[in-house]
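The values are calculated or read from the model by the stated rules, or taken from the named source; none is laboratory data. Quick caveat, the model's predicted, so the values are computed rather than measured. As a convention, Cβ positions derive from the backbone with ideal geometry for all residues, glycine included, and neighbour counts pool all protein chains shown. Note: accessible area is taken over every heavy atom of the protein model, side chains too, but ligands, DNA and RNA are not part of it. Shrake-Rupley method; radii C 1.70, N 1.55, O 1.52, S 1.80 Å.
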Amino acid sequence: MRFDRLLVNARIATMTATGRPWGALEDMACLGIADGRIAWAGVAAELDGPPERRAREVVDCRGGWLTPGLVDCHTHLVFAGNRARDFAMRLEGADRAAILAAGGGIPSTVRATRAASGAELLASALPRLDELLAEGVTTVEIKSGYGLERATELRQLRVARRLGELRPVRVVTSYLGMHGLAPEYAGRADAYVDLVCEELLPEAVAQGLVDAVDGAIERVAFNAAQMARVFRKAQQLGRPVKAHADQYADAGGAAAVAGFRGLSADHLECVSAAGIAAMAEAGTVATLLPGANYTLRDPHKPPVDKLREAGVAMALATNCNPGSSPTTSPLLMMNMACSLFGMTAGEALAGFTVNAAKALGLQDEIGTIAPGRRADLALWDVDEPAELAYWLGRGSPLAQLFRNGTPLAPARWPRRS
């Protein structure tokens, strides 16, 4: 077979179950790309003839490490304003109720986002997306949820789709109209659920703006019964579901979304043993969000040991949002997951590759380096993959990003001969 592009002199972290750390291929590994997909991965000795005869273009990786392109599977990238005032109040001792009483919290972001035009939302989101790309992201999930009414929810989702047109990145959208209760429906949560199920969600799906449906199952948001109505509607409309679950208390969120064979349950600081068992049975991914845990100084941690023991796949994400996780750094999140949650370096990288892809239902397309997968790749100037979770504040060691096998400029090739 002749390749469109052949990457040579690489070390490859395939993130597949080969029995080797990282699923690694070393010793002058090579990767062949055809029609935007990975056609072959192996070592140079296995090539039939010199590289120049096997491919239209040969790329020398100079000993750098190739990984799957990173997948950020939980973000709120499209929003207006910021919540620096909330941050300052929290540091001065204010609790969640005090911040809300002072006009902060999610309602303040809802007000700002409702007031912003599509052009303004796009202009503010693009730099955040560029920062993700600079740290190796080739797929990003973007939620709505800062409108809680028709016009703004649709506007957020349209902007998310536009981001995927303006940058070489796959954008997956999640409808999050159940992020919180719309202020117009204070005291009437069931009526708001009616609105979402009967009008808002069906229209967003009909406009082609929704890949998945998310919702917050928390004691400060919606209960499992209310969310079940939304999940049933989502499945009727042919969309998979996921949930913000059990962050502040055990509200039965993990078990509820697992009952619908949900893609993921996210946060999980207070998940119960029953919730973990339900996730394991359903194959629901645990998406852990260390940025929020750190920013909120939450004393509860996701039970990584219990998730690991139960065989629940653990994804990681930036959870980029203005309130609880104002970050666009997957690499920092890897470090926090190791340092705060007790994950291994290998689990951290899997959290942003193979398991993050599973959390989006895309495990057959991305997240591993294997024949048939999309050639979404990141080349890193590191001596070993553990460095991706190790360094703090050093800057991105990304040397080159590939989207569907095409190298994206600018390149900064590894400094090896």
Open item on the list: Cβ neighbours within 10 Å, averaged per peptide: list 256-265, 28-37 in order, most packed at the top.
Closed with: 256-265, 28-37
Open item on the list: Give me the net charge for the shell around LEU331: Cβ to Cβ below 12 angstrom, other residues only, Lys and Arg +1, Asp and Glu -1.
Closed with: -3
Open item on the list: Using alpha carbons only, how many angstrom separate the centre of segment 1-39 from the centre of segment 40-70?
Closed with: 7
- [ ] Quick one: plug the Kirkwood hydrodynamic radius of the chain (C-alpha pairs) into Stokes-Einstein at 10 °C, 1.306 mPa s, and report D in µm²/s.
- [x] 73
Open item on the list: Let me check the size of segment 204-333 from its C-alpha atoms; what are the radius of gyration and Dmax in Å?
Closed with: 14.2, 42
TODO: Calculate, in nm to one decimal, what ALA277 and GLU184 gain on full extension: separation in residues at 0.36 nm each, minus their alpha carbon distance.
DONE: 29.7 nm
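Enter the accessible area per residue of segment 307-357 (Å², integer; probe 1.4 Å; all protein chains in place).
On the way: 1270 Å² over 51 residues.
Per residue, segment 307-357 has an accessible area of 25 Å².
Based on the alpha carbons, how large is the Rg to Rh ratio for segment 298-367 when Rh follows Kirkwood?
On the way: Rg = 12.3 Å, Rh = 12.7 Å.
Radius of gyration over Kirkwood radius for segment 298-367 works out to 0.97.
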Open item on the list: What's the magnitude of the charge dipole for segment 297-417 around its Cα centre, counting Lys and Arg as +1 and Asp and Glu as -1 at the beta-carbon? Answer in Debye, nearest 20.
Closed with: 220
TODO: Please give the FRET efficiency for THR344 paired with ALA134, using the beta carbon to beta carbon distance and R0 = 35 Å, rounded to the nearest 0.05.
DONE: 0.90
- [ ] Return the distance in nm (one decimal) between the two label points of a simple spin-label model at LEU408 and GLU309, each offset 7 Å from Cα along Cα→Cβ.
- [x] 4.1
Task: FRET E, pair GLU387, MET1, Förster distance 25 Å, beta-carbon r, rounded to 0.05 - done: 0.15
Open item on the list: Residues of segment 1-36 with the amide nitrogen closer than 15 Å to a label point 7 Å from the Cα of ARG53, along Cα-to-Cβ, please.
Closed with: 1-3
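Rounded to the nearest whole Å², what accessible area per residue is found for segment 90-248 with the 1.4 Å probe?
Numbers: 6120 Å² over 159 residues.
Here the per-residue accessible area is 38 Å².
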Task: Principal-axis tilt of helix 118-134 within the chain, Cα atoms, nearest 10 degrees - done: 40
Open item on the list: Give the separation of the Cα centroids, segment 192-265 to segment 322-389, in Å.
Closed with: 25
TODO: Evaluate the distance, in nm, between pseudo-label points positioned 7 Å from the Cα of ASP194 and of ALA123 along their respective Cα→Cβ axes.
DONE: 4.1
Open item on the list: For a quick check, take a GNM of the chain with Cα springs below 10 Å and name the residue from ASN82, ASN293, ASN319 with the largest mean-square fluctuation.
Closed with: ASN82
Task: Unit charges on C-beta of K, R, D, E only; dipole of segment 206-328, Debye - done: 300
